[in-house]
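Engineer: Take this structure first; my questions come after.
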C-alpha cells in the first residue's frame, strides 16, 4: 500500500512547484542607457533564449541589433511560454522602472524566468535574465543583470540603420540630441558569439572622433539593470 501511495503522489506532481503569479519589476539604474521594449517570459526549463559563448540565433540578433522582439515572441509562444511584452510602453529611460505581472495558470512546467531588451546606444548590446528558476516561496527577490554583446555586429558606435545586418546604431528621438555626429568608427570586429559586453568606448568630440557615443554620458560598468521578483 505504501508503494501505491508514493507512486500516485509522484504522478500527481510531475513538475517542480511554481509560483502561479508573480510581479517582475525592471529598474534602469544607468546614467545614460535606454532599454528598448522589454520582453518578459516564464517558460519551461528546456527553453533558452541564448547561450553565452555560442552564436546568436536570428531571433536574438534582431532583438540585439534593432530591438525587434517578434521572432523571440513567436519562438516563446510556440514553446507555450507566458509572455509580457513591452511593459514600459516604449523605451525605459535612465532612472525609470516598470512592473509587469506573470500568471502561469495551469502551465506548471513554466518554472523559468527570462527577460531581454536591447541597450541604446549600442550596436548589438542587450540586457538579459536568462532562465532564472522562479522562487516558489512568497517573498521579494532581487537580481542584478549584466549587459551582453550578441557578437553579430561590429561595435562601430556610429549612427546607422535600423535594419538587421546593416552597420550602425538605431537612434530613436530620445537619443538624437545626445549623440555626436561624423564619427569614423570605433571598432570593425564581429566576434561571432554572445559574450559579456565590454561597455561603450565613446569620446568627447561631438562633431567627429572615432565614436558618435558621448563617453561622459553613455559609458557604463556592469551591471546595467535591477530586477525584483515578488512572489505572491
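Engineer: Any idea how many residues of region 170-213 are in contact (Cβ under 8 Å) with a residue 40 or more places away in the chain and either outside any loop (DSSP other than H, G, I, E, B) or closer than 24 Å to residue 93 by Cα (or both)? Give the derivation first.
Structural biologist: Filtering region 170-213 down to residues in contact (Cβ under 8 Å) with a residue 40 or more places away in the chain leaves 170-172, 174-175, 178-179, 191-202, 210-213.
Right, trim to either outside any loop (DSSP other than H, G, I, E, B) or closer than 24 Å to residue 93 by Cα (or both) and you get 170-172, 174-175, 178-179, 195-202, 211-213.
Residues flagged as in contact (Cβ under 8 Å) with a residue 40 or more places away in the chain and either outside any loop (DSSP other than H, G, I, E, B) or closer than 24 Å to residue 93 by Cα (or both) within region 170-213 amount to 18.
Engineer: Can you tell me how many residues within region 147-160 are in contact (Cβ under 8 Å) with a residue 60 or more places away in the chain, on the phi < 0 side of the Ramachandran plot and in a loop (DSSP other than H, G, I, E, B)?
Structural biologist: Qualifying residue count, region 147-160: 3.
To keep it simple, each residue is scored yes or no on (1) closer than 23 Å to residue 232 by Cβ; (2) free of Cβ contacts under 8 Å to residues at least 40 places away in the same chain; (3) within 16 Å of the chain's Cα centre (by Cα).
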| position | (1), (2), (3) |
| --- | --- |
| 76 | yes, yes, yes |
| 90 | no, no, yes |
| 93 | no, no, yes |
| 114 | yes, no, yes |
| 134 | yes, no, no |
| 137 | yes, no, no |
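Engineer: Have a look at 125, 95 and point out the one that is within 19 Å of residue 219 (Cβ to Cβ) and buried (at least 16 other Cβ atoms within 10 Å of the Cβ). Steps first, answer last, please.
Structural biologist: Working: 95 fails: buried (at least 16 other Cβ atoms within 10 Å of the Cβ).
After applying the criteria, what remains is 125.
The numbers here are math on the coordinates, done by the rules we state, and not lab data. All values derive from a computational prediction rather than experimental measurement. Note: ideal-geometry Cβ built from the backbone for every residue, glycine included; neighbour counts use all protein chains shown.
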